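A.B. asks: Structure incoming, see below.
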Amino acid sequence: MATVTILQPDPAHTIDRFGDWLSECGITMDTVLLWEDPVPTINQLGDGVILLGGFMSAHDGIDHPWIEPVGWLLKEATAQSIPTLAFGLGHQILAQAFGGHVAVPGPIGLEEGAVELTLTQAALTDPVISSVSKGNVLMGFLSHGDAVERLPADAHLLASSTAYNYQAFRIGSSLAIQFHPEASPAQVARWHVANGGEQEPLLSALQAVDGRVAYNGQRIAYAFARQLGVQAPEI
């Protein structure tokens, strides 16, 4: 049985339904609450690691002193070929850890809701993203104002949106994605409300396309499980 460490930056950004999909594969999860738990060592990660999103900035190391050590940990995990996923803020922290740069805020401003992403040629052979490539397009839920504006030198770009070029990239065993395959419509709507918005009409708009988005998220979870050597269901 495989074990995955979930690094959670704040209470509002949980593993949500991604955890259910990993559980379906028999994967055990150990969640580290970064605002109160110490950053684990490389020997404590188990078979894989997932870094979730958060409301803070990737540059907020003074207020959130775990940010830089988490970046170092992900670099070490990549050096040891440990399968790694980074969502949202995690995508930005991973980019910075490997020498990329995050703009705070991004030049286009907020990108939120269900967004179609255009996949690169590299995505079509990626061990995870290739599982959801249909016509070179992937739909995911986005909720971010900061954005990666320069990729690390060794990164392979996998996806872009019309607003932001760097929506997904891979470095070795690490996959970073700005969208949120873990998040249900209800969780994205809660983030919107926490940022001062109204729940509707966003929640209804997300629910209208959630069949497609959930399908993508589930396939990403199963593909990640296979990277851990686990037999995942076929969908």
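The values are calculated or read from the model by the stated rules, or taken from the named source; none is laboratory data. Please read all numbers here as calculations on a predicted model, not as lab measurements. Here the Cβ is made from the backbone with ideal geometry for all residues, glycine too, and neighbour counts use every protein chain on show. What goes into the accessible areas is simple: the full protein's heavy atoms, side chains included, and nothing from ligands, DNA or RNA. Shrake-Rupley method; radii C 1.70, N 1.55, O 1.52, S 1.80 Å.
A.B. asks: Express the C-alpha Rg of segment 1-120 as a ratio against the empirical globular expectation 2.2 N^0.38 Å, rounded to two decimals.
C.D. replies: Cα Rg divided by the expected 2.2 N^0.38 Å: 1.07.
A.B. asks: What is the calculated FRET efficiency for Glu149 to Ser23, with r their C-beta to C-beta distance and R₀ = 25 Å, to the nearest 0.05? Before the final figure, lay out each step's value.
C.D. replies: Numbers: r = 36 Å, r/R0 = 1.44.
Efficiency at R0 = 25 Å is approximately 0.10.
A.B. asks: So what's the back-of-envelope 222 nm ellipticity for the chain, counting only DSSP H runs of four-plus at -39500 (n - 2.57) apiece and dividing by all residues, rounded to 500?
C.D. replies: -8500 deg cm²/dmol
A.B. asks: With +1 on the Cβ of every Lys and Arg and -1 on the Cβ of every Asp and Glu, and nothing else charged, how large is the dipole of segment 1-94 about its Cα centre, in debye rounded to the nearest 20?
C.D. replies: 240 debye
A.B. asks: Starting from 0.36 nm per residue, how many nanometres of slack lie between Asp60 and Asn195 once their C-alpha separation is accounted for?
C.D. replies: That works out to 46.8 nm of additional length.
A.B. asks: Considering only protein heavy atoms and a probe of 1.4 Å, how much of the accessible area of segment 59-174 is carbon and sulfur, as a whole percent?
C.D. replies: Numbers: 2460 of 4790 Å².
Answer for segment 59-174: carbon and sulfur cover 51 percent of the accessible area.
A.B. asks: How large is the dipole of the chain about the Cα centre if only Lys and Arg carry +1 and Asp and Glu carry -1, each at its Cβ, rounded to the nearest 20 debye?
C.D. replies: Using Cβ point charges on Lys, Arg, Asp and Glu, the chain gives about 640 debye.
A.B. asks: How far is it, in nm, from the label point at Thr3 to the one at Ser160 when both lie 7 Å from their Cα along the line to the Cβ?
C.D. replies: 4.2 nm
A.B. asks: Would you list the P(r) distribution for the chain, with all Cα-Cα distances sorted into 5 Å bins from 0 and each bin expressed as a whole %?
C.D. replies: Bins of 5 Å from zero give 1, 7, 16, 20, 22, 19, 11, 4, 0, 0 percent of pairs.
A.B. asks: Need the full-extension length gain, Glu116 to Val104, defined as separation in residues times 0.36 nm minus the C-alpha distance. One decimal, nm.
C.D. replies: Working it through step by step, the gained length comes to 2.0 nm.
A.B. asks: While we're looking at this one, here's another question. Students often check this: by mean Cβ neighbours within 10 Å, which of 89-100, 138-149, 12-23, 37-48 ranks highest, and how do the rest follow?
C.D. replies: Those peptides, ordered most packed to least, come out 89-100, 138-149, 12-23, 37-48.
A.B. asks: Show the residues, 5+ positions off or on another chain, whose built amide H is closer than 5 Å to the amide H of Arg150.
C.D. replies: Placed amide hydrogens put His101 under 5 Å from Arg150.
A.B. asks: Now for a separate question. At 1.4 Å probe radius, can you tell me the per residue accessible area of the chain in Å²? Each step should come with its number before you reach the end.
C.D. replies: Values: 9700 Å² over 235 residues.
That works out to 41 Å² for each residue.
A.B. asks: Please compute the net charge surrounding Ile129, taking Lys and Arg as +1 and Asp and Glu as -1 over other residues with Cβ under 11 Å from its Cβ.
C.D. replies: On the way: positive: Arg170, Arg219; negative: Asp126.
Once all neighbours under 11 Å are counted, the net charge is +1.
A.B. asks: How much space per residue, in cubic angstrom, does the convex hull of the C-alpha atoms of segment 139-197 take up?
C.D. replies: Normalising the Cα hull of segment 139-197 by residue number yields 96 Å³.
A.B. asks: Taking amide H atoms as placed 1.01 Å from N in the peptide plane, list the residues 5 or more away in sequence, or in a different chain, whose amide H sits under 5 Å from that of Met29.
C.D. replies: Val4
A.B. asks: Separate question: Could you give the nm distance between label points at Val137 and Trp72, where each point is 7 Å from its Cα heading toward the beta carbon?
C.D. replies: Here the answer is 4.5 nm between the modelled labels.
A.B. asks: Let me ask something additional. Once the Cβ-Cβ distance between Glu36 and Ala12 is put in as r, and R0 is 22 Å, what FRET efficiency do you end up with, to the nearest 0.05?
C.D. replies: Approximately 0.90, to the nearest 0.05.
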